[in-house]
Amino acid sequence: MVASTRARELAVAAAQAASDKLGSDILALDVSEHIALSDVFVLCSGRNERMVQAIADEVDRVLTREGSPPLREEGRSAGRWALLDCGEIIVHIFHEEERLFYQLERLWRDSPEISLPALSPPESGASPTETL
């Protein structure tokens, strides 16, 4: 079993949304062989709580626009680890410290990585605080 084309498209949209809000270490994993609940995990990091929340807000906005709003979410208000469950994909947005601690990449290391296109940076001229 392989992640659906739709799940892969949503993963790219979520990854670009995270990049637009200065998310870092963005990774998409095809977990369809290991769990039945979702096809793809998207992981990314934010430098601080405010950035984690901003990334989660942007990913939510973009995936809702794409017709796949979060069915469930966890942790967004705390800003340490936000989880957006959109069915076909689950987006994990970590504070850098939590990402190092939980190491989901290691837990799911048997899952193939989904190639993401080069993510375009936020609009030129915008400062990091303007993109939050």
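The values are calculated or read from the model by the stated rules, or taken from the named source; none is laboratory data. Bear in mind the structure is a predicted one, so any value in this text is a computation, not a measurement. Every residue, glycine among them, receives a Cβ derived from its backbone with ideal geometry; neighbour counts consider all protein chains shown.
General observations
- If you filter segment 108-120 down to residues that are of a type outside the set (D, E) and surrounded by 11 or more Cβ atoms within 10 Å (Cβ to Cβ), you find that the one that is nearest to S24 (Cα to Cα) is L119.
- Answer residue from segment 1-34, given it is in contact with a Pro (Cβ under 8 Å, 6 or more places away or on another chain) and hydrophobic (A, V, I, L, M, F, W, C) and is farthest from E96 (Cα to Cα) among those: V12
- Extreme residue, surrounded by the most Cβ atoms within 10 Å (Cβ to Cβ), among residues of segment 78-98 that are of a type in the set (G, A, S) and over 17 Å from K21 (Cβ atoms): G87
- Test result for D110, under 17 Å from S38 (Cβ atoms), modelled with pLDDT under 95 and not in a strand (DSSP E or B): yes
- The single condition from (1) within 23 Å of T5 (Cα to Cα); (2) surrounded by fewer than 19 Cβ atoms within 10 Å (Cβ to Cβ); (3) of a type in the set (A, V, I, L, M, F, W, C); (4) touching a residue at least 12 places away in the same chain (Cβ under 8 Å) that A36 fails is (4).
- Search result, residues across segment 86-114 that are without any contact (Cβ under 8 Å) to a residue 24 or more places away in the chain and over 21 Å from E73 (Cβ atoms): L100, Q103, R106, R109
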